[in-house]
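Scroll down for the structure; my scribbles are underneath it.
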Amino acid sequence: MSWRNLAWLVVCQLGLLPALARAQEAPAPANPAAPAAPAEVVESATEEQYFELMRVLADTFEQVDKNYVKQVDRRRLIEAAIKGMMKELDPFSNYISPEDLGSFRDEVEKEFGGIGIQVGFIPPSGPQRKLVVTAPLPGTPAFKAGIRPGDVILEINGKAVEQMEMTDAVKEMRGPAGEEVNLALQRMGTNEVQKLTIARAVIEVPTVLGDTHKADGSWNFWLNESEKIGYIRLTGFSRHSFRELQEAVEQLHKEGLKGLVLDLRFNPGGLLNIAVEIADLFIEEGKIVSTKGRNTVERPAMARREGTLRDFPIAVLVNRFSASASEIVSAALQDHGRAVIVGERTYGKGSVQNVIDMENGKSAIKLTTASYHRPNGKNIHRFPDSKEEDDWGVRPNEGYAVKWSNEDMVRYDAYRRSRDDIRNAAPPASDYVDTQLVKALEALKAPAPAAGEAKPAAEAKPPEDKPATEKPATEKPEAEKPATEKPATEKPATEKPATEKPE
């Protein structure tokens, strides 16, 4: 194919052909002596430039394809060009190849075909590493088959896992629902090797978690049942998150809920519409968020009175890793005076990405198409040149900022893991104090906040003694976060590699 034909193909694929046709067929001005309208001149010139640029791209491809010193895979060249385009935009726009699309969809939906276990290599590397079950998800085929934390997986479908990478092990366990997976397990603390055949099912990865597990493996959403203080951790905004959270909150409400801690720490975001639904659960009326794009008019999302839960205070926990959809929810609750925001200033991601199918759905691009604005009209985005004193992110309410060092987060993560262990329905006593959660409990006892954005908050000092009724809790970091600092620990895989989520 010549460069000219390829250029026209690219133009057609990008939807530029109709624009070129309109430019060529545009009628002449009524007065030939009068100059064309400035807008028309700019538009026509831009369209001509588009075609010339497509010609440059096609010619470059042809030269590399024909004359490079050794043969290069044509698809790799095109994908490299696409990735280069995305790299020029922002950190949240990227290309999703056919090989990665399945995992990307699974991560967005939090749903996949598998047996329902979280696994991790212990130790993470070295000749002695073992693939260990860290948690079977309650109600899944693995849980029903009797797989327990600490069991070591020796073989998957007859293949030894000793030399496997995590992605290979995950790929072997995932697959269409109804098909079988054959495992060889060494039971925890014994030399017994057991072989199991387990049929895959559709697995929904829960995003709504509590502080501890009940005896049946489900989450306990009471932080202090005697005082009717609830606690819910939201790890992401998948399409199931609103339903999960609504069920948890309504059950607590029926049992006499008097205060709720909503923990959004380490939550990197997710689906925009789910963030709107979750905020709407607690707000009676008014704007939740609005989105503005270059090619779209402003679209506000408004709260509805029906189904609103208002008769209890809320404290929302956030930190420097809370981003995007987490910021939409926390900003909306703060601006409406519905919740006190506690913890650290959030990440500052005020952009919205759309997933656009390519090649008839075989691949996709995730493209930033709009920015979102909190109810008070501000965009909380942190730009590359933003300074600490600039107005970005969601700040804790005045008097409720509690900053953590990296060491604090590492200690917290180890503590959180011990409470997340499904074997610990009654976790062992610990001297660890979650200072941010302690401050959130104080916020629940304070007068209701006034509507409007919080002023920059002074950092609160950690309390010396932990309240006797308090049970510290939060979530472990996701595998991929929008910030550069993370606790020095590794999250186990849930039968799939972690990927980014569209906002």
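The values are calculated or read from the model by the stated rules, or taken from the named source; none is laboratory data. Values in this document were obtained by computation on a predicted structure and should not be read as measured data. Here Cβ is always computed from backbone atoms with ideal geometry, including for glycine, and neighbour counts include all displayed protein chains.
Which members of region 201-217 meet the condition of being modelled with pLDDT under 85 and of a type outside the set (D, E, K, R)?
Matches in region 201-217: 202, 203, 205, 206, 215, 217.
Look at region 169-206 and say how many of its residues are closer than 12 Å to residue 117 by Cα and exposed (fewer than 13 other Cβ atoms within 10 Å of the Cβ).
Residues meeting the conditions: 0.
I need the strands (runs of 3 or more DSSP E) fully contained in region 290-363, keeping only those with at least 1 residues that are free of Cβ contacts under 8 Å to residues at least 12 places away in the same chain and surrounded by 13 or more Cβ atoms within 10 Å (Cβ to Cβ).
Passing ranges, in order: 351-358.
How many residues are within 22 Å of residue 396 (Cβ to Cβ) and not in a loop (DSSP other than H, G, I, E, B) if we restrict to region 271-286?
Matching residues across region 271-286 total 3.
Here's the yes/no breakdown for (1) over 30 Å from residue 180 (Cβ atoms); (2) surrounded by 14 or more Cβ atoms within 10 Å (Cβ to Cβ); (3) at pLDDT below 80; (4) in the same structural domain as residue 417 (by TED's automatic domain parsing):
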{"site": "49", "(1), (2), (3), (4)": "yes, no, no, no"}
{"site": "59", "(1), (2), (3), (4)": "yes, yes, no, no"}
{"site": "84", "(1), (2), (3), (4)": "yes, no, no, no"}
{"site": "100", "(1), (2), (3), (4)": "no, yes, no, no"}
{"site": "106", "(1), (2), (3), (4)": "no, yes, yes, no"}
{"site": "118", "(1), (2), (3), (4)": "no, yes, yes, no"}
{"site": "130", "(1), (2), (3), (4)": "no, yes, no, no"}
{"site": "135", "(1), (2), (3), (4)": "no, yes, yes, no"}
{"site": "140", "(1), (2), (3), (4)": "no, yes, no, no"}
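What number of residues within region 397-418 are closer than 23 Å to residue 445 by Cβ and assigned to a loop (DSSP other than H, G, I, E, B)?
Residues that pass the stated criteria total 7.
Let me spell it out: the conditions are (1) outside any loop (DSSP other than H, G, I, E, B); (2) without any contact (Cβ under 8 Å) to a residue 60 or more places away in the chain; (3) within 27 Å of residue 413 (Cα to Cα), and residue 189 meets all of them except one. Which number is the exception?
Result: residue 189 fails condition (1) only.
Which is under 27 Å from residue 285 (Cβ atoms), assigned to a loop (DSSP other than H, G, I, E, B) and at pLDDT below 95, of 387, 378?
Just one listed residue meets the conditions, 378.
Go through (1) more than 21 Å from residue 339 (Cβ to Cβ); (2) touching a residue at least 24 places away in the same chain (Cβ under 8 Å) for residue 266 and report which single condition fails.
Failed condition: (1).
Using beta carbons and a limit of 9 Å, which pairs, at least six apart or on different chains, have the first residue in region 394-408 and closer than 21 Å to residue 382 by Cα and the second one in a helix (DSSP H, G or I) and among the basic types (Lys, Arg)?
Taking only residues 6 or more apart or on different chains, the pairs are 396/439; 401/439; 402/439.
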